[in-house]
1. Calculated FRET efficiency, A48 and E26, Cβ-Cβ r, R0 25 Å, to nearest 0.05?
2. Sum up the charges of everything whose Cβ sits under 14 Å from the Cβ of D106, counting Lys and Arg as +1 and Asp and Glu as -1, but leave D106 out.
3. Please say if segment 78-148 is rounded, prolate or oblate, where rounded means a/c under 1.5 for a ≥ b ≥ c the square roots of the C-alpha gyration tensor eigenvalues, and otherwise the choice is prolate for a/b larger than b/c and oblate otherwise?
4. If you count, for each residue, the other Cβ atoms within 10 Å and average over each peptide, how do 123-130, 139-146 line up from highest to lowest?
5. Using a ≥ b ≥ c from the Cα gyration tensor of segment 19-88 (square roots of the eigenvalues), is it rounded, prolate or oblate, where a/c under 1.5 gives rounded and otherwise the larger of a/b and b/c decides, a/b for prolate?
6. Hey, with R₀ at 22 Å, roughly what FRET efficiency would M63 and R83 work out to, going by the Cβ-Cβ distance, to 0.05?
7. Report the equivalent ellipsoid semi-axes for segment 107-152 in whole Å, largest first, defined as the square roots of five times the eigenvalues of the gyration tensor built from alpha carbon atoms.
8. How many nm is it between the label spots at F108 and W121, if each spot is 7 Å from the Cα in line with the beta carbon?
Amino acid sequence: MTRLSAVVAVAILVAAAVPVRAQVREDSTGIRAAALDYIEGWYSADGARMARALHPELAKRIMFSDTLGNSWIRNMGATELIRGTRAGGGSKPPASARNSDVRILDIFQNAASVRIDAGGWIDYLHLVKWQGHWQIINVLWEIRTPPPGSKP
């Protein structure tokens, strides 16, 4: 047996020995609960609910562009998002303008992807099952803009 064959054989044996955790209903429930804590916490200015949804190392990002064609990424962490939520968050728009359509896109072991249609924007969330609880660790969001030529 060549050295490469031996390495491959060991890798296969190790991979086979690692238990694979199957997704269970509680995972979907926990993922949806974290996503709803995030968006509904934002709308209700409930900092405790937002904090429960977020991993402490959250990275929330959005790309902005100006009329000159310059683009940049705006970053926000968990602390800033929780403070913003407690300061009023998304509580100003009327309830009729708020949307919290949560769609789980994928779950694999301890990772999940979720899309939230919040009406005025879309959030793409990555969640991690951290210490037994699903928490949001990444958010990439985009503000919904009207199509060119339409009236706002």
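1. So, using R0 = 25 Å, E works out to roughly 0.65.
2. +3
3. It comes out oblate by the Cα gyration axes.
4. In descending order of packing, they fall as 123-130, 139-146.
5. oblate
6. Numbers: r = 23 Å, r/R0 = 1.03.
So, using R0 = 22 Å, E works out to roughly 0.45.
7. Values: eigenvalues 192, 13, 9 Å².
Three semi-axes, in Å: 31, 8, 7.
8. In this crude spin-label approximation the distance works out to 2.7 nm.
Rule-based calculations on the coordinates, nothing more; no lab input. These numbers were taken from a predicted model, which means no experiment stands behind them. Cβ atoms come from the backbone with ideal geometry, glycine included; neighbour counts cover every protein chain shown.
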